[in-house]
Every structure is written in structure tokens, then in C-alpha cells.
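The values are calculated or read from the model by the stated rules, or taken from the named source; none is laboratory data. As the structure is a prediction and not an experimental result, all values here were calculated from the model. Glycine gets a Cβ as well: all are built from the backbone with ideal geometry, and neighbour counts include every protein chain shown. Accessible surface areas use protein heavy atoms only, side chains included; no ligands, DNA or RNA. Shrake-Rupley method; radii C 1.70, N 1.55, O 1.52, S 1.80 Å.
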Amino acid sequence: METAEIRSTIKDLITEIAEDMDTEASAITEDAHFTEDMGLDSMALLEVLATMEKKFSVSIPESEFPNLTSINKCAETVEKYMAQSN
Amino acid sequence: MFDIEEIMRNVPHRFPFLLIDRVLDFKPNESVVTLKNVSINEGQFQGHFPGKPILPGVYIIENMAQSGAFLMIKSSDGPADDTVYYLGKVNKMVFKKPVLPGDQLKTTITMEKQIAGSAIVSAVSRVDEQLVAKGELMFASGKG
């Protein structure tokens, strides 16, 4: 899977989860911080992690949780663990 | 496996809103199976519906949520004084069959993911081994 495809899949997923949080669509950018800029809470972040694991069939360790702070950071993390599982 | 007294030692819910009667199986941090006996004496049947008693779907969701709360609290060695688990999101919930007075609602909760006080569980409820409802619940914890 290409980096751009991973990134756009994650963006779609974040857009869906952000709807729950009443986040303005304009606040959702690839660099925006999930909690500071987009207002996601810890439960939403857990949903992001769990959904990425399912969508990309990858296992992301709990220790990466604090690093999943933006769409770009998520894409980097997913790529890292997809590469390891290949 | 665990009786009502052990349930009440772990979850804060009380009459008329304690919606589990017994725990049939429990694996810490993994899964729990609970039982609720549905009785015509329960207040909700006065209005839902007069002459046609059906357990409201939201009560099944609450039964699932309380079962999930038991799983998390019992797994962490009992209730902490100031931690409260809140139901945060319900995903993909479907109701397949009405639940009626006399039914025994058996609910299985499986932990899917748990990090830093938040959790995602899958929930399946059956009556006589037949599926009546299933879905996914999310919990957030806070200091109450």
C-alpha cells in the first residue's frame, strides 16, 4: 500500500471519528494535533488505534499510543509496523 | 461463578437499575458472561408496552454496559474509590429478537482493546442460545 493511500485512509477515518466530537471540518489537516487542534479525547484516540489496526491488518504496540498525535504521525507508525510484518 | 453480592461489590448500580443478576464466567481483562432474569415485575414493562411487555433495547445496551463495567472493575481488583466508567459510544448495535418477561438474557463481553482507562468491547446477548442483540461499546474512565 502506498504512503498516500495510507494517509488518505487514515484521514477518512479521522474525519468520521471527529464528527462525534463536533470538530470543524477545516480543523482536520494532516499535521493538526488530535487533541490540541481537533479536540479528540482519549476514547477517540483508542478508537483511532483500534480501527487502524483492523483496516491495515497490523499490530501496533501500546507503547506507540502517545506518538499517535496527527494523521501524518499515524501514517508513519502504520508504515513502520506494516514493513515489519512483511 | 459470581453471585449478586459479588456483583454489587464491584459495580455501583442499584435498584431499579442493576441489570445483571449473576456472572457465569469471568476471565480477567479478557471476557465475562453474565445472566439477567427478565421479570414482569420490573417497572419498565408498565409502559413498554401496556399489554405487550418487551424489554427496551436500551436496557439490553445497559445490561451490556454493566457487564463491561464488571469485567473492567473486577479485573482491576475491585472498585477504586474515585474511578467511574462512562459509556462513551455504541457502535453497530443490532437487535434481532424481542426479549420478553421470563427470558434469561445471557450476555458475553469480550475485551477488544484497552489503553489508559479507555476500552472497546464487543457485546453479544442471547436468549436460549439465540442471538437477540450484538454490537460494540466504548468506555472512558474518569474521576467521579
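How long is the stretch A:6-48 along each principal axis, judged by its Cα atoms, biggest number first, in Å?
23, 21, 15
Taking the square root of 5 times each eigenvalue of the Cα gyration tensor, what semi-axes in Å does the equivalent ellipsoid of the protein assembly as shown have, largest first?
Numbers: eigenvalues 267, 70, 56 Å².
The equivalent ellipsoid of the protein assembly as shown has semi-axes of 37, 19, 17 Å.
So which residues in the stretch A:44-86 end up with at least 40 square angstrom less accessible surface once the other protein chains are there, compared with the chain by itself, probe 1.4 angstrom?
Relative to the lone chain, where solvent access is computed with a 1.4 Å probe, the stretch A:44-86 loses at least 40 Å² at A:LEU46, A:GLU47, A:GLU62.
What quantity of accessible surface, computed with a 1.4 Å probe and excluding non-protein components, is buried in total between chains A and B, in Å² to the nearest 100? Spell out each step's value before the answer.
Details: alone 5220 and 7940 Å², together 12130 Å².
That pair of chains buries around 1000 Å² in total.
Counting only protein heavy atoms and using a 1.4 Å probe, what share of the accessible area of the protein assembly as shown belongs to carbon plus sulfur, as a whole percent? Before the final figure, lay out each step's value.
Numbers: 5960 of 12130 Å².
Carbon and sulfur atoms account for 49 percent of the accessible area of the protein assembly as shown.
Would you please name the trypsin sites (Lys or Arg not before Pro) within the stretch B:80-144 that are DSSP coil residues with at most 15 other C-beta atoms within 10 Å of their C-beta? Let's see the in-between values first.
On the way: sites: B:LYS89, B:LYS92, B:LYS96, B:LYS106, B:LYS113, B:ARG126, B:LYS134, B:LYS143; in loops: B:LYS96.
Hits after loop and neighbour filter: B:LYS96.
What are the equivalent ellipsoid semi-axes of the stretch B:1-45, built from the alpha-carbon gyration tensor (square roots of five times its eigenvalues), in whole angstrom, biggest first?
Values: eigenvalues 91, 28, 14 Å².
After scaling each eigenvalue by five and taking roots: 21, 12, 8 Å.
Direction-averaged shadow area of the convex hull around the Cα atoms of the stretch A:3-85, nm²?
Details: hull surface 19.2 nm².
Mean projected area for the stretch A:3-85: 4.8 nm², to one decimal.
What is the mean number of Cβ atoms from other protein chains located within 10 Å of the Cβ atom of each residue in peptide B:88-94, rounded to a whole number?
Per residue, the number of nearby Cβ atoms from other chains is 2 on average.
What is the average number of partner chain Cβ atoms found within 10 Å of a Cβ in B:112-118? Show your work: numbers first, answer last.
On the way: counts 4, 8, 3, 8, 7, 3, 9.
Partner Cβ neighbours, averaged per residue: 6.
Net charge within 12 Å of B:PRO53 by Cβ-Cβ distance, Lys/Arg positive one each and Asp/Glu negative one each, not counting B:PRO53 itself?
Values: positive: B:LYS52; negative: B:GLU42, B:ASP103.
Taking every other residue near B:PRO53 into account, the sum is -1.
So if I place +1 on the C-beta of Lys and Arg and -1 on the C-beta of Asp and Glu, and nothing else carries charge, what would the dipole magnitude of chain B be about its Cα centre? I want it in debye, nearest 20.
On the way: 16 positive and 16 negative charges, 100 e Å.
That gives a dipole near 480 debye.
Counting other C-beta atoms within 10 Å, and keeping those with at most 15, which DSSP coil GluC sites (Glu not before Pro) do you find in the stretch B:1-88? List each step's numbers first, then the result.
Working: sites: B:GLU5, B:GLU6, B:GLU30, B:GLU42, B:GLU62; in loops: B:GLU30, B:GLU42.
For GluC sites (Glu not before Pro) across the stretch B:1-88 that sit outside H, G, I, E and B with at most 15 neighbouring Cβ atoms in 10 Å, the list reads B:GLU30.
Using the 2.2 N^0.38 Å rule of thumb for compact globular proteins, work out how the stretch B:4-143 stacks up: its C-alpha Rg over that value, please.
Normalised Rg, Cα atoms only: 1.01.
Filter the GluC sites (Glu not before Pro) in the stretch B:95-144 to those in DSSP coil with at most 11 other Cβ atoms within 10 Å of their Cβ, and list the result.
Working: sites: B:GLU112, B:GLU129, B:GLU136; in loops: B:GLU129.
Those that pass, being in a loop and sparsely packed, are B:GLU129.
Just name one of A:THR69, B:PRO98, B:SER31: the one whose Cα is farthest towards the positive end of the charge dipole of the protein assembly as shown (beta-carbon charges, Lys/Arg +1, Asp/Glu -1).
Farthest towards the positive pole: B:PRO98.
What does the charge count around A:THR29 come to, taking other residues whose C-beta lies under 12 Å from its C-beta (Lys +1, Arg +1, Asp -1, Glu -1)? Walk me through the numbers before you get to the answer.
Details: positive: A:ARG7, A:LYS11; negative: A:GLU24, A:GLU30, A:ASP31, A:ASP37.
Charge balance in the 12 Å sphere: -2.
Show me, for the stretch A:68-75, the HN-Hα J-couplings you get by feeding each phi into the Karplus relation (A = 6.51, B = -1.76, C = 1.60, θ = phi - 60°), rounded to Hz, glycine and proline as x.
3J(HN,Hα) across the stretch A:68-75, in whole Hz: 7, 10, 8, 4, 4, 5, 4, 4.
Could you give the angle, 0 to 90 degrees to the nearest 10, between helix A:3-20's Cα long axis and the longest principal axis of the Cα atoms of chain A?
Value to nearest ten degrees: 40.
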